[in-house]
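Bear in mind that the values in this text are calculations on the coordinates, not laboratory data. Every value quoted in this text rests on a predicted model; they were computed, and no experiment measured them. Reconstructed Cβ throughout: ideal geometry from the backbone, glycine too, with neighbour counts over all protein chains shown.
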Amino acid sequence: MNRNSVNLLIGGEAGQGLVTIGQILAKSLVRSGYSIVVTQSYHSRIRGGHNTYTIHAGADRVIAPLETIDILVALNEETMTLHRHEISPDGIIIADEAFGISDDVSLRVPFKELAKQGFLNIAALGVVGSIIGLTEESIAGTMDKFFGKMDQKTAEENRLALSNAFRWTTGRSVSFSKLPPVSDPPKRLIMNGNEAIALGALSAGLKFYSFYPMTPSTSIGIALAGWAERMGSIVEQAEDEIAAINMALGASFAGAPSMVSTSGGGFALMVEGVSLAAMTETPVVIVVAQRPAPATGLPTRTEQADLNFVLYAGHGEFPRAILAPGTVEECFHLTYRAFELAERYQGPIFILTDQFLADSYRAVAPFDVENLSPVSPGSDPASSSSPYQRYALTDNGISPRLLPGISMQLVVADSDEHTEDGHLTEDLTVRQRMVEKRLKKGKGIRAEAIPPQMEGDKRPDLLMVSWGSTKGAVLKAASQMRHTGKNVSTLHFSQIWPLVSEQFMDYLQGAREVVSLEGNATGQLAGLIRRESGFLIEKQILRYDGLPITPEYILRELTK
Amino acid sequence: MVTIADYGTYETAWCPGCGNFSILKAVKEALTASQLEPHQALFVSGIGQAAKAPHYLNANVFNGLHGRSLPVATGAKLANPRLTVIVESGDGCNYGEGGNHFLAAIRRNIDLTLLVHNNQVYGLTKGQSSPTSEEGFVTKAQPGGVASTPFNPVAVAVAMHAGFVARAFTGLPDHLSDLIQQAIAHRGFSLIDVLQPCISFNKVNTFAWYKKRCYQLPSDYNPADWGAAIKAADQWGEQIPLGVIYRNDRPPFEEHFPVLNQGPLVGRDVDRMMLKEIMEGYA
Ligand SMILES: Cc1ncc(C[n+]2csc(CCOP(=O)(O)OP(=O)(O)O)c2C)c(N)n1
Ligand SMILES: [Mg+2]
């Protein structure tokens, strides 16, 4: 049987090196021209626990995580027990012969003969690589790059384990058809959602980033910290999230494009700062990487339950935009856009992502970083009126923003209600004008809202409505249903606020049936659509067990 | 030539006779004596009666949230180290709501001056206890008297080897102005805890109460001597020492960022070739 794609799951305990081999395998696949979607599922601990690294790879573009496993790499026996039932009819299991499995789909590998203790994961890497059709050279090349400089001895053991594994596997007759080779693979990057957010931020001109570690947002900080010196930016680990957002506001006020990132709990601490950004009209990009809550929840799993929280966070009334990337490419482009919006409208702009997308490696075409112009903070002091008024009333609510210390003009920003010159006031007429001024900016933000993406027939039998990271799964499920003759369309939101009903009302009304799909328990987007447009989506497919929505999940739920 | 008139005069929202007036005057005098022009200074404050002070002079101002002035100031200073950053807020703001930031700012040793108007009470919210209120201090919120022991900011700062730690009293405005000048000149974190009577809500620690107890450290006192500083910092009650209690020359936080050697972050271009190189590391 020919296959165009493979879904392989590596399972084991933390500390067994499964992420290492997952990464090397994913990179080798991308370099050999395959498309991938990685799903990482792990326990909130450093050692032990059951962790998995799943790669869905294909010669054609793959867009979604899958549940059905073609190759199960069991680094421990528990992985066998937990995932045996997910294996496809022509799938195989790669496991240590020491596990004593008598299963006929198992490839029982004498790992102890192939590699020394400590290098068993590399042997497993060689076995899988060989089975799916990667070459030993390509994996060895990726491995060298991945490990970087290491001592001679370890490097040799790695190479030995790899080539023993390749030799052993080639000598077996394994009934698993390899992936077709991709000729002339285009140049691809392998990157996860968080790395793309970090890169997008830098391309937009990020100069200051502060954070307090919290899964699944932390890797944004790790990436930015690694590049800070080369990119002339500052990354500071703050004493808490309250400090993180206030530092970012201070830096932004002084002219450095700024960003913070966190997850729900940390964002809860930042909320007063969101309101401060709005009141002082200070640009800031806030990334919220969702994980299951309330409270500490499931720290390392995924969910889409903070839409309402981010939408309503902050006391008082003020405009905001919420962008929800659905792919790694969108993580990059929407972060860039968030900086533009923050600078133009001088306030808080959100990126709402989640653990699944944050940790999901994909093959992406290189971004055009050479031609994206970074935002330029502040306006020209030469063309400002004197004395300068930070909150001058204007038609669109946007006041020229000067930066302190750059000219002789004095810049006064205030969290109290203030006059045009920034000083605190209790003049109630001024108060009214200022509320209106701030809200006027919302009109501009609304006019720029990215419309949801409609795919398929405009008058379908079934319209699937989704947002954020579920994009790939929904598109995949829809295309599978179309193959079986169903008239299915999708309407996907990558910006969830402002929600402009004129952009999508016709689609909702034109469908025979509408179903919403969300990674939460209460259907938050559906609720928001109802509030904004009056349209009631009666059928909802929800998932809140901490795992990402998959095409299989959607199809199962639809047939219930 | 900068004159005190450059810093302007404004109507205030303070009670007549409040210690804040002396602090405001001392600040303006110190800025003038330091020959800083208004646009070179950034005042960051929180919320409280003290935190309104920056509105009453000409300078750049970021009047933020209650307790959160230090992080804002830290971000602004890192973005543009050329700004002279002065943080002005009350005891509630800095030692209560913003306590964690106080500790972090000392650890960082970021180059800014923290001027705490310490009236040992929450003034703006009408007289509840603050972290520096004395044990037994009776308020409407603490009718049985404050049950906790007071926070000693000076002792904490000295214990943490803060860069510059001083105490002043509004009854000695010239002394205060001199300390502010020294703090501005100091490269690193500077704390000036200013004892300030609150005529409306603190009937215990009155002007006379402070006047009787405050004394200036003798000229042979050596603020570089940490052991002596810890002793001086711990002194409270019948005798309260004023002056520079402790100082050292730890390098300021900004020096740990090589990127700042090329000047402020503000207005700096994005090195797109470098960005491309970083991106291609993902191939
Ligand atoms: C988050 C938050 N909590 C509470 C308040 C209310 N509040 C305003 S000022 C203040 C205390 C002020 O005391 P202090 O900082 O000592 O300043 P003072 O008025 O005494 O100068 C409080 C509790 C607030 N503005 N924000
Ligand atoms: Mg006070």
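For A:Lys539, A:Lys153, what's the fewest-to-most ordering of other Cβ within 10 Å of each Cβ? It would help to have the intermediate numbers written out before the result.
On the way: A:Lys539 16, A:Lys153 8.
Starting with the residue having the fewest Cβ neighbours, the order is A:Lys153, A:Lys539.
Quick one: helix A:18-31 against the long Cα principal axis of chain A, what's the angle to the nearest 10°, folded into 0 to 90?
Its long axis makes an angle of about 80 degrees.
Only counting other Cβ atoms within 10 Å, I'd like B:Cys198, B:Cys93 sorted with the fewest neighbours first. Walk me through the numbers before you get to the answer.
Working: B:Cys198 26, B:Cys93 32.
Ordered by Cβ neighbours within 10 Å, fewest first: B:Cys198, B:Cys93.
Among A:Ser183, A:Ile93, A:Ile69, pick out the residue whose Cα is farthest towards the positive end of the charge dipole of chain A, where Lys and Arg carry +1 and Asp and Glu carry -1 on C-beta, about the Cα centre.
Looking along the dipole axis, the top candidate is A:Ser183.
Under 1.5 on a/c is rounded, so check that first for the stretch A:378-448, then, if it is not, pick prolate when a/b is larger than b/c and oblate when it is not; a ≥ b ≥ c are the square roots of the alpha carbon gyration tensor eigenvalues. Spell out each step's value before the answer.
Numbers: a/c = 2.26, a/b = 1.20, b/c = 1.88.
Verdict is oblate for the stretch A:378-448.
From other protein chains only, count the Cβ atoms within 10 Å of every residue's Cβ in A:413-419, then give the mean. It would help to have the intermediate numbers written out before the result.
Details: counts 7, 7, 11, 6, 0, 2, 0.
Mean partner-chain Cβ count within 10 Å for A:413-419: 5.
Would you mind working out the magnitude of the charge dipole of the stretch A:453-558 relative to its Cα centre, with +1 at each Lys and Arg C-beta and -1 at each Asp and Glu C-beta, to the nearest 20 Debye?
On the way: 12 positive and 12 negative charges, 30 e Å.
In total the dipole reaches around 140 debye.
Work out the length of the dipole vector of the stretch B:92-214 about its Cα centre, built from +1 on the beta-carbon of each Lys and Arg and -1 on the beta-carbon of each Asp and Glu, and round it to the nearest 20 debye. Display every interim value, and only then the final one.
Details: 10 positive and 7 negative charges, 34 e Å.
Dipole magnitude for the stretch B:92-214 comes out near 160 debye.
Sort A:Met464, A:Met481 so the one with the fewest other Cβ atoms within 10 Å of its own Cβ comes first.
Taking fewest neighbouring Cβ atoms as first place, the list is A:Met481, A:Met464.
Per residue of chain A, what 222 nm ellipticity follows from adding -39500 (n - 2.57) for every DSSP H run with n ≥ 4, rounded to the nearest 500?
Numbers: 18 runs with 210 residues, N = 560.
After summing the helix terms and dividing by residue count, I get -11500 deg cm²/dmol.
Ranked from highest to lowest mean number of other Cβ atoms within 10 Å per residue, what is the order of the peptides A:171-182, A:20-31? Provide the component values of the computation, followed by the final result.
On the way: A:171-182: 13.3, A:20-31: 23.5.
The packing order, highest mean first, is A:20-31, A:171-182.
What translational D, rounded to a whole number of µm²/s, comes out for the stretch A:5-170 from Stokes-Einstein when the hydrodynamic radius is the Kirkwood one over Cα pairs, at 10 °C and 1.306 mPa s?
On the way: Rh = 15.8 Å.
Translational diffusion coefficient: 101 µm²/s.
Out of B:Leu217, B:Leu176, B:Leu115, any idea which swings most in a Gaussian network model of chain B, alpha carbons joined below 10 Å?
Among B:Leu217, B:Leu176, B:Leu115, the largest mean-square fluctuation in the Gaussian network model of chain B belongs to B:Leu217.
For chain B, with a Gaussian network of springs between Cα atoms less than 10 Å apart, report the residue from B:Ser148, B:Ser219, B:Ser190 with the top mean-square fluctuation.
Of B:Ser148, B:Ser219, B:Ser190, the Gaussian network model singles out B:Ser219 as fluctuating most.
Go ahead and run the numbers for FRET between B:Tyr221 and B:Tyr10, Cβ-Cβ distance against an R0 of 35 Å, rounding to 0.05.
On the way: r = 37 Å, r/R0 = 1.06.
According to the calculation, E is roughly 0.40.
Could you work out, residue by residue across A:367-374, how many beta carbons of other chains sit within 10 Å of that residue's beta carbon, and then give the average as an integer? All intermediate terms of the calculation are to be shown ahead of the outcome.
Values: counts 3, 1, 10, 5, 1, 3, 2, 5.
Per-residue shielding by partner chains comes out at 4.
Just to verify a number: FRET efficiency for A:Leu555 and B:Arg250, C-beta to C-beta distance, R0 = 45 Å, to 0.05? It would help to have the intermediate numbers written out before the result.
Values: r = 63 Å, r/R0 = 1.40.
Step by step, r from the Cβ atoms, then E = 0.10.
Taking +1 at the Cβ of each Lys and Arg and -1 at the Cβ of each Asp and Glu, which of A:Ile406, A:Leu463, A:Gly347 sits farthest along the dipole of the stretch A:346-470 towards its positive end, judged by Cα position relative to the Cα centre?
A:Leu463
Starting from 0.36 nm per residue, how many nanometres of slack lie between A:Glu436 and A:Thr135 once their C-alpha separation is accounted for?
Details: separation 301, 0.36 × 301 = 108.36 nm, distance 6.40 nm.
The A:Glu436-A:Thr135 span can extend by a further 102.0 nm.
Kirkwood Rh over alpha-carbon pairs of the protein assembly as shown, then Stokes-Einstein at 10 °C and 1.306 mPa s: what D in µm² s⁻¹, rounded to an integer? Spell out each step's value before the answer.
Values: Rh = 29.4 Å.
D = 54 µm²/s.
When DSSP beta bridges are limited to those with both residues in the stretch A:453-558, what percentage is antiparallel, rounded to the nearest 5?
Values: 3 of 18 bridges.
Rounded to the nearest five, the antiparallel share is 15 percent.
About the Cα centre, and with charges only on the beta carbon of Lys, Arg (+1) and Asp, Glu (-1), how big is the dipole of the protein assembly as shown? Nearest 20 debye, please.
Working: 72 positive and 86 negative charges, 90 e Å.
That gives a dipole near 440 debye.
For the stretch B:4-280, go through all pairs of different Cα atoms, get the mean of 1/r, take its inverse, and jot down that Kirkwood value in Å.
After inverting the mean inverse Cα-Cα distance, the result is 19.2 Å.
Other chains' Cβ within 10 Å of A:397-405 residues: what's the mean?
On the way: counts 0, 0, 0, 0, 0, 1, 6, 15, 14.
The per-residue average across the peptide is 4.
Specify the inter-centroid distance of the stretch A:199-221 and the stretch B:119-157, based on alpha-carbon positions, in whole Å.
39
Quick one: grab the alpha carbon gyration tensor of the stretch A:453-558, order the square roots of its eigenvalues as a ≥ b ≥ c, and give me rounded if a/c is under 1.5, else prolate or oblate depending on whether a/b is larger than b/c.
Working: a/c = 1.68, a/b = 1.10, b/c = 1.53.
Since a/c reaches 1.5 but b/c is at least a/b, the shape of the stretch A:453-558 is classed as oblate.
Putting +1 on Lys and Arg Cβ atoms and -1 on Asp and Glu Cβ atoms, find which of B:Phe102, B:Ser133, B:Leu115 reaches farthest to the positive end of the dipole of the stretch B:83-142.
The Cα lying farthest towards the positive end belongs to B:Phe102.
For the stretch B:69-79, what does the Karplus curve 6.51 cos²θ - 1.76 cosθ + 1.60, with θ = phi - 60°, yield as ³J(HN,Hα) per residue in whole Hz, taken in order and with x for Gly and Pro?
6, 4, x, 4, 4, 4, x, 5, 5, 5, 5
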